[in-house]
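Single-structure report; data block below.
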Amino acid sequence: MTARPLRILACGDVEGKLDALYSRVRSIQKKSGDFDLLLCVGNFFGTSAEAESEWGEYISGAKKASMQTYILGANNQETTKYFPDKDGCELAENITYLGRKGVFTGASGLQIAYLSGTEAQREPAPAYCYTSKDVIALKSSVTANSKFKGMDILLTSQWPKGVWQYGNNLEGIDTKSCGSISASHLAFALKPRYHFAALEGAHYERLPYRNHVILQESAQHVSRFIALANLNNSNKKKYLYAFNIMPLRAMDPVELAKQPLDVTESPYRKMMREFQKTKTDETATGESQFFFDLSTKGKKRPSEGGRPSPHQSKQPRTISQPTSPCWFCLASPEVEKHLVISIGTHCYIALAKGSLTPDHVLILPIGHHQSVVELPSEVIEEVEKCKLALKKFYKSIGKRFVMFERNYRSQHLQLQVVPVPIQRCTTEDIKEAFIVQAEEQQMELLEIPEHSDLKQIIPPGSAYFYVELDSGEKLLHRIKKQFPLQFGRKLEHLEEIHADVGIMCKLYTDSHPSMGTNSGRWCWETAGITTETLCRPA
């Protein structure tokens, strides 16, 4: 059965004027036909005695909402009494409170994300406020799905901070005090096709904005932000918005990604970069205030003599930052994304641009980390999973691998993983090749215990060259002054194998011209190597 577009009404602050609301809705439906849903943002309930009395008639059943209505929670202490269950419930016939936060999915597949209340300015947060935990939990629950492309609708009572950037003129609003940075983070992450908000007593329909970076990312759907005024306001500002929407999951991808002529850049992207930079700078100076952290405590004062108290927590270690645009930070526009094979939570795998052999890959952290010894535990754990997955894959195609890292004149950790045919050389052959090469360069290459932790041997910031064989054996050289940058790539066995397979690759691409320079990627895809096969636990 073909899905049909849904007809939806969105409304701003009702403020307890339910009779006026449903009278207007009936008038619209009489003229334009039935609608499927009414979505209300802002203050649905009022604080006056008249508003409370009017609501009593709907609870008793004396009056009934003329269409299915979904509302957000309280934005002030006075109206919290109308919401008996923070997780959402039916308040009266045809009037449903969605809840504190979450995603509502209709029978048609339409998905509506919602966040009730206003951003908390203190801890503990009042009942009508949302906190950092609410925002992070909602964001994580939605974006964790590998098939996530965006949300159909997002409902927040507060405006997102800075939504007016690059947009049409905004009049009569104090932009310094208007909006929530948390709502901006949420809108940027969820990529809603429509985002409704209220509370400011104003109507503002922003120009649609992109959810992708031109020339760097594939085209995605656009987002539209609409702020609605309060019901029956004296200035006759728009408080009802009618629209048709086909659920995202039912749409043709090409049709979904069409860009209107008046589309603008995202109002949030630059803000998110600046926020991340500020957070990183604060972390580096030991004055970190983490994302949405509203409970930052003052620092303990050093004891007399300037020495820190033994009970005082240590300052976080300075995080290394790139001194120039990094070619390997996944978020960087410098990354050659066509080489990326698999992306996990903390690291990713990419084909080596100057490969020594076919299927030569790099294991790299998604964030900026200079070396293995500087990796946090959760990143190390994922790197180990990638090693196991690669070892299993190479074995299935008759190869073994050697892995090495050079922490010298490099900004971003690159674990080189080079496969070689099992029948061409043994693990001992590879090990001997490294040792002989080191002796010729008058370098000391030490063997370290198989299960030893490199962090216990090499302090952060030290230069080194490190080799790991498929047997688990490890070799280490401490770099003191100079070091040949191509060491590891100029080994006799690897060069011979590289020459042989290079001839075979040329013969293959000559006979299959369509493969071109993507033969390496073709090998991985043909072998079934995907994000799931590489990053799932071995």
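The values are calculated or read from the model by the stated rules, or taken from the named source; none is laboratory data. No experiment lies behind these values; they were computed from the predicted model shown. Glycine also receives a Cβ, built like all others from the backbone with ideal geometry; neighbour counts cover every protein chain displayed. Please note that ligands, DNA and RNA were not included when accessible areas were found on the heavy atoms of the full protein model with its side chains. Shrake-Rupley method; radii C 1.70, N 1.55, O 1.52, S 1.80 Å.
Condition first: aromatic (Phe, Trp, Tyr), under 24 Å from Gly461 (Cα atoms) and open to solvent by 10 Å² or more (accessible area, probe 1.4 Å). Can you find one or more residues in the range 344-360 that meet it? Scanning the range 344-360, I find no residue that is aromatic (Phe, Trp, Tyr), under 24 Å from Gly461 (Cα atoms) and open to solvent by 10 Å² or more (accessible area, probe 1.4 Å), so the answer is no.
Among the conditions (1) within 24 Å of Asn233 (Cβ to Cβ); (2) assigned to a loop (DSSP other than H, G, I, E, B), the only one that Ala127 does not satisfy is (1). With the structure loaded, tell me whether Thr156 is within 25 Å of Gly16 (Cβ to Cβ) and either in contact with a helix residue (DSSP H, G or I) (Cβ under 7 Å, 6 or more places away or on another chain) or of a type in the set (S, T, N, Q) (or both) or whether it fails that test. Against the criterion (within 25 Å of Gly16 (Cβ to Cβ) and either in contact with a helix residue (DSSP H, G or I) (Cβ under 7 Å, 6 or more places away or on another chain) or of a type in the set (S, T, N, Q) (or both)), Thr156 qualifies.
Give the residue, chosen from Lys64, Lys86, Lys31, that is of a type in the set (D, E, K, R) and touching an Asp or Glu at 6+ places or on another chain (Cβ under 9 Å).
Lys64
Within the range 197-208, does at least one residue satisfy the condition of being hydroxyl-bearing (Ser, Thr, Tyr) and over 17 Å from the mean Cα position of the chain (by Cα)? Yes - at least one qualifying residue is present in the range 197-208. Selection of the range 129-163 for residues being open to solvent by less than 10 Å² (accessible area, probe 1.4 Å) and among the basic types (Lys, Arg) yields an empty set.
Would you check which residues across the range 211-246 are in contact with an Asp or Glu (Cβ under 6 Å, 6 or more places away or on another chain) and assigned to a loop (DSSP other than H, G, I, E, B) and list them? If the condition is that a residue be in contact with an Asp or Glu (Cβ under 6 Å, 6 or more places away or on another chain) and assigned to a loop (DSSP other than H, G, I, E, B), then Asn230 is the only one that fits.
Taken over the range 181-233, the criterion of being among the acidic types (Asp, Glu), buried (at least 21 other Cβ atoms within 10 Å of the Cβ) and more than 30 Å from Gly16 (Cα to Cα) is satisfied by no residue.
Quickly run through the range 423-441 and pick out the residues that are acidic (Asp, Glu) and open to solvent by 100 Å² or more (accessible area, probe 1.4 Å). Show your work before the answer.
Taking the range 423-441 as the starting set, the residues that turn out to be acidic (Asp, Glu) are 428-429, 432, 439-440.
Answer for the range 423-441, where residues must be acidic (Asp, Glu) and open to solvent by 100 Å² or more (accessible area, probe 1.4 Å): Glu428, Glu432, Glu439, Glu440.
Taken over the range 437-469, the criterion of being β-branched (Val, Ile, Thr) and in contact (Cβ under 8 Å) with a residue 40 or more places away in the chain is satisfied by Ile458, Val467.
Being crowded, with 18+ Cβ neighbours inside 10 Å and not aromatic (Phe, Trp, Tyr) is true for just one of Arg400, Arg409. Which residue is that?
Every option except Arg400 fails the conditions.
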